[in-house]
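The values are calculated or read from the model by the stated rules, or taken from the named source; none is laboratory data. In this text, all values refer to a predicted model and were calculated from it rather than measured experimentally. Positions of Cβ are backbone-derived with ideal geometry, glycine not excepted, and every protein chain shown enters the neighbour counts.
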């Protein structure tokens, strides 16, 4: 090969490679695996040792019980107007301890968490939770955010305090004493005594007058 050809060869190769790279289509990068969105931080965050908060959470419910998750029956699709909306999740749970209601220990029931936000499952298999539910025993329903709380901190003493707070009789209403309508201030003592004093004075004057008349006649 002649010297001019050798000098042209690198330039030709460079042009070919550059043109090939420019003509090649750009392949999109493979998307990373999407991480399921977490449930809101305040969901299931009830402090079970705060009996006042537990009483508030139990308002309007039929049953309150400590239960253990056996399995997830279905993972419901979003029910909102767009994909990723709130879901209804169905679980099989076993009752460990009933606090309020007519559930019995060791019963298995289906529990539906209604309106769960986020893509993660809020409940974990074999873990205990304090549930606040409504509905018939065959299908219990709980709010997807406020209808459950972790039961890992619920020992026998805490459960007793919760039961006592939820089953305590309501406090009697306060009785406010009020003055009847039309009742005024008590009458003044002088006004009460004055009529009697006037009558007594009239009587005394009458006696004096009679005594004078009697003296004149005598």
Single match in 83, 77 (criterion: more than 19 Å from residue 45 (Cβ to Cβ), at pLDDT below 95 and not in a strand (DSSP E or B))
83
Enumeration of residues in segment 48-73 that are part of a loop (DSSP other than H, G, I, E, B) and touching a residue at least 60 places away in the same chain (Cβ under 8 Å):
48, 49, 60, 61, 62
Output for segment 102-124, where each listed residue is within 14 Å of residue 66 (Cβ to Cβ) and buried (at least 17 other Cβ atoms within 10 Å of the Cβ)
103, 109, 111, 123
Restricting to segment 125-166, what's the tally of residues that are closer than 14 Å to residue 94 by Cα and exposed (fewer than 15 other Cβ atoms within 10 Å of the Cβ)?
5
Please enumerate the residues belonging to segment 99-151 that are assigned to a strand (DSSP E or B), closer than 24 Å to residue 169 by Cα and either modelled with pLDDT under 95 or in contact with a helix residue (DSSP H, G or I) (Cβ under 9 Å, 6 or more places away or on another chain) (or both).
99, 100, 130, 132
